[in-house]
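Structure record follows, encoded as structure tokens.
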Amino acid sequence: MIIRARIVLTMDRAPIENGAVAVSGNRIVDVGKLDDIKTRNAGHVVDLGEQALLPGLINAHCHLDYTCLRGKIPPQKSFTDWIRAINALKSELSQKDYIASINEGFEEAKRFGTTTIANLTAFPELVGQIQPSIRTWWFAELIDVRAPERANEIVDSAIESLGRARFDPVLSAPWGLAPHALFTASKDLFRRCEELAQREHNLLTTHLAESREEMEMFRDGSGALYEFMQSIGRSMNDCGNKTALELFLGTGCGSARSHWIVTHLNELTESDFDLLTQLNSKFHVVHCPRSHKYFGHHPFAFDRLCSLGLNVCLGTDSLASNESLSLFDEMRAFQKNFPRVSPDEILQMVTVNPARALRQENALGKIRGGAFADLIAVPSKSGDLFEEIVAFTGDPWMMVAGRAQ
Ligand SMILES: [Zn+2]
């Protein structure tokens, strides 16, 4: 099959006017000018007309478990109060509710042009009952705050559940692990995940330095989160001295930090920036602009993190702190906060950058021979192409793994 559009945006070379992409099975086999593609490839031509064809979008961080919590928690004054509120709502949900919520989330993400998702789930045992229609990196979210002595058991049981699940062979991706955060997962749990990633090459993700209250808890040994975590029996002997980033780097989480996708990094001290400067191997960072706004965190240090060589991606986080799973909305929210960042660079944060974080730089996030045929198209006149894409609202045309949707 050959797909033709007014313009093809490959993300690794100049946009191609009157461009076309040849697809065979679930892969892209060729991309270029329509005439050249027709000469080199057989197959009927699907003409998308006045559209820009681009790689499908990649959501680098979300929790589809909580799709059903959209609009249920109004913004709170305190991050800790939000944790209390979500815990109360979660206690009312059944496994059936979670499965419905996750399925609904996949459908919504897909409707907005997301073809790949890094999804954290607190219920790895349910993963086998869900058949995503987009490419999914499942991350088992792990918490042992109420039973740190069971850290290894918790990790092993999640691995067993993920290992048992049967995924669509065309869309399946390697699974990963997500120690939830330093305030809910023990150092032993982090270390167990790190050992596994070093041995099996799985990806790891975590929430780090998200809120002021987390900073207060770790650095100062005080504040609302400190008190709450203490009240549920967490050992607080790692508090009152180091920042969350210092503790993370001190967990022994190896030198191969490229397998870590770190979400948030909203609250960093000058000494944290010094530490990031000294890192030889950098991790990837996910910023969630609308969730960030919902919680009222300190401004995200985008320029500084980029200049330190960190690969910044965008994510939606969950609908317990966001309004939709649209990465277009997310790009616009980012653009509002960082008007000097070019739309081209913003689009990279939902294509090439997360593809790199998922170790798929040649297979996802770009239109090139050999990559997966995960494509979307949005109406395009001859204006500023990247600006047009970021401004797009609606349901884009899309193809996942060579199948038009
Ligand atoms: Zn999250």
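Just so you know, all these numbers are worked out from the coordinates, no wet-lab data involved. Worth saying up front: this structure is predicted, and the values here are computed from it rather than measured. Counting neighbours? That spans all protein chains shown, and the Cβs are built from the backbone with ideal geometry, glycine included.
Odds and ends about this structure:
- Length gained on full extension, S94 to S231: 46.7 nm, using 0.36 nm per residue less the C-alpha separation.
- Helix axis angle, 95-111 relative to the chain longest principal axis, alpha carbon, degrees: 40
- Pairs from K90/K336; K72/K96; K187/K366; K110/K381 whose Cα-Cα separation, in the structure shown, is over 26 Å: K90/K336; K187/K366
- A simple spin-label model places the labels of A391 and R199 5.4 nm from each other, with each point 7 Å out along Cα-to-Cβ.
- Förster radius 51 Å - calculated FRET efficiency between E50 and K293 (Cβ-Cβ, nearest 0.05): 0.90
- Extension gain for the segment N362 to D168, taken as residue separation times 0.36 nm less the Cα-Cα distance, is 67.7 nm to one decimal.
- Of interest is the spacing of the C-alpha centroids, which for region 212-236 and region 154-195 amounts to 26 Å.
- Taking 0.36 nm per residue of sequence separation and removing the Cα-Cα distance, the L308/R40 pair yields an extension gain of 92.2 nm.
- Centre separation in Å (Cα based) which lies between region 62-137 and region 332-361: 23
- The modelled label-to-label distance for the pair D344/R146, using points 7 Å beyond Cα in the direction of Cβ, is 5.2 nm.
- Förster radius 35 Å - calculated FRET efficiency between L279 and E17 (Cβ-Cβ, nearest 0.05): 0.25
- Listed residues C239, C193, C288, most fluctuating in the chain (Gaussian network, C-alpha, under 10 Å): C239
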